[in-house]
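Computed from the coordinates by the stated procedures, all read-outs in this text should not be read as laboratory data. Because the structure is predicted, anything quoted here is derived from the model rather than measured. Backbone-built Cβ (ideal geometry, glycine too); neighbour counts: all protein chains shown.
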Amino acid sequence: MNPVAVIGYGAVSALGRGPEAVRAGAPGQPAPRGIQRDEGLERAGLRRPFAARARLGGSEGSERAEALLAAASAQIAQAIEQVLPDFRSLRIGLAIGTSCGGLESQRLAFERIDTGGPLDGALARRANYFAPAGRLPDLLRVTPTLTTNVLAACASSTVAIGVGCRWLQAGHVDLVIAGGYDALDPFVAAGFEALGATTASHPSPFRRDRDGMALGEGAALLALVSEPPPRARALGWVTGFSASADAVHVTAPDRSGRGLAEASRAALHDAGLRASEIDLVSAHATATAFNDAAELRALESVFGVHQERLVLHPFKASIGHTLGAAGALETLSALDAMERGVLPAAAGDGPLDPGCQSRLLPSAVPAPIGHCLKLSAAFGGANAALVVSRTPRPQRTAPRLDAVGLRAVGRPVSRFCLDAALPHLRCPPEKVARLDALSELVTAAAIDLAPELAALAGARAGVIVGTVAATLEENASFERRRRERGAARVEPRRFPATSPNLASGQCAIALGLRGPGFSVGGGPAAGLEALLLAFDLLQAGDAEALLVVAADPVGSVVESLFGAAGWPVPAHGAAALLLERGGVGRRLARGELAERLATCAAAQGRLGEARPGWPSLLEAVATS
């Protein structure tokens, strides 16, 4: 991978804004702690109301997620202007990740739908997964060349940064603004508490007596370029990226840590580094028993005897689990540690987990840091890894951009049939016997292409889901039960289905796909967004084959929201394409796909006579 420079950023977390939000600490200092008992979660009836709420001051608006993103965007615009005054004339890519989107507006809209209250257009247009990121062009005063809204749950901003790097390496843009955001909300807090994942006090990752995580909130945006401009100094470099899927379970990690280890090795290979050259690991570190144990096994697999000299930085123990913002905030904290020349301290108390062979420091220690491995894992079994470096090794070779071929086009589906799927399953049938609505559609569409996929046995294959409606129907159902029964009686099995990333994970489990797997949905042209992104990942060599699935479960909630917003309602159902690196099948032209995406987005998801969703995806490749 040709290194990508970080030339500025904007950040907000429970620790503050700007540099304070991601401060790695000074020598001799313990880790900062922004987690405390939260009055808002107490009022919502949570039994473990510990969280890290960001300090927004007077910038709070009707949608907290938008306020967080606005705070980060104001900072990054100022930072870029200082080194690239004319940056708005450049080709700009926006790669933004989120787990929840405009969840506060969603909850309010769901309540009005249920009670028959007024659902005005402004609220309906905010109540989705793409509205907060959709404000960025106006906030930054830019017209982006490329955009994507990554819905990879807790790995969202890590994937978004990796996608931005791929765009730069291929020469598709001159500047990328990449990162993520999420707001603290009782909807999500109730779900994680129901899963038994939250702490009764403060998180202690990789400690023997840990009892869970604390949620946080925040936003972080990084300005990325291939080469720093003359008046800029690189704050650090992204030198490696990879993504993988566990294909084992949608909420629990692969106990062996295999998927995370695969992503780590591939990112190191991308960076041209040996494991022994890593000085710091910015760990996912949720402080939950299964996730910590799986991460430690992944580290053991990747680093072997070298893990004993590694320092682990569990930044979530300081700022809470900020979901879609986590990877970006943690990456910035690692860059801050490199800049300061300090190995950061780890928040948490008690003896180490017996499986932890690496170091957790009680206070920060001065030391040079050359390279850091950043790890992320998420619902759906998604993994992502970045390598960030103080100074990159010169590579500067022209990237190899392989041809991409359309190997197969699937048929539209509207439901999942287990009997039809049985001959193609790579997992026990019980794992797909009770799928949520979005996962049903994605898996059914993928099963339709299972014979073609089987012909690629041994290839590194994954799945990218493009969804306009995402999990709005599931979210409305979960929120209704939360309101009626209270947070203490939330049903654990219903919460995971509110993550749009679950569908890619279920599909990966069903078909044994271990390559990149996540969802995207930046607006009504989400299916074509997924298609173009899959093309770019294949060209960069991040996978050998990718399923692209456009899927939308549409019921009364989606119809009400989109109708009130004045948008065309996406078609219910799903359809899949199979793309392969190397030009097998009908060769696709990226320029044509990009033009169709722009046309589709401008027409609110329509492409010709085709409706938003799977019809526009199939239309895009019918004549390309």
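Key figures for this structure:
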item: Among 423-430, 487-494, the order from most to least packed when residues are scored by Cβ within 10 Å on average; result: 487-494, 423-430
item: Considering only the chain, percent of DSSP beta bridges that pair antiparallel, nearest 5; result: 65 percent
item: CD proxy at 222 nm, helix term only [per DSSP H run n ≥ 4: -39500 (n - 2.57); per residue of the chain; nearest 500]; result: -10500 deg cm²/dmol
item: Distant-in-sequence amide H partners of residue 512 (H built 1.01 Å from N, under 5 Å); result: 426
item: Order of 567, 167, 614 - criterion: other Cβ atoms within 10 Å of each residue's Cβ, fewest first; result: 567, 167, 614
item: In sequence order, calculated HN-Hα J values of segment 523-533 (Karplus, 6.51, -1.76, 1.60; Hz; x Gly/Pro); result: x, x, 9, 4, x, 6, 4, 5, 5, 5, 5
item: Percentage relative contact order, the chain, counting C-alpha pairs under 8 Å, at least six apart; result: 18 percent
item: Shape of segment 404-622, Cα gyration tensor, a/c cut at 1.5; result: oblate
item: For segment 337-352, Karplus couplings with θ = phi - 60° (6.51, -1.76, 1.60), whole Hz, Gly/Pro x; result: 4, 4, 4, 7, x, 9, 7, x, 6, 10, 6, x, 9, x, x, 5
item: Residue 53 long-range amide H proximity, modeled H, under 5 Å; result: 36
item: Summed residue charge, Cβ within 10 Å of residue 131's Cβ, Lys/Arg positive, Asp/Glu negative; result: +1
item: Net charge of Cβ neighbours under 11 Å - reference residue 619; Lys, Arg +1; Asp, Glu -1; result: +2
item: Ascending count of other beta-carbon atoms within 10 Å, so fewest first, for 519, 389, 333; result: 389, 333, 519
item: Overall form of the chain per C-alpha gyration tensor (a/c, 1.5; a/b vs b/c); result: rounded
item: Proxy reagent accessibility, fewest Cβ within 10 Å first, across 279, 185; result: 279, 185
item: HN-Hα J in Hz across segment 306-319 - Karplus 6.51, -1.76, 1.60, θ = phi - 60°, x for Gly and Pro; result: 6, 5, 5, 8, 6, 9, 9, 10, x, 5, 4, 5, 9, 10
item: GluC sites (Glu not before Pro) lying in DSSP loop within segment 212-316, provided at most 12 other Cβ fall within 10 Å; result: none
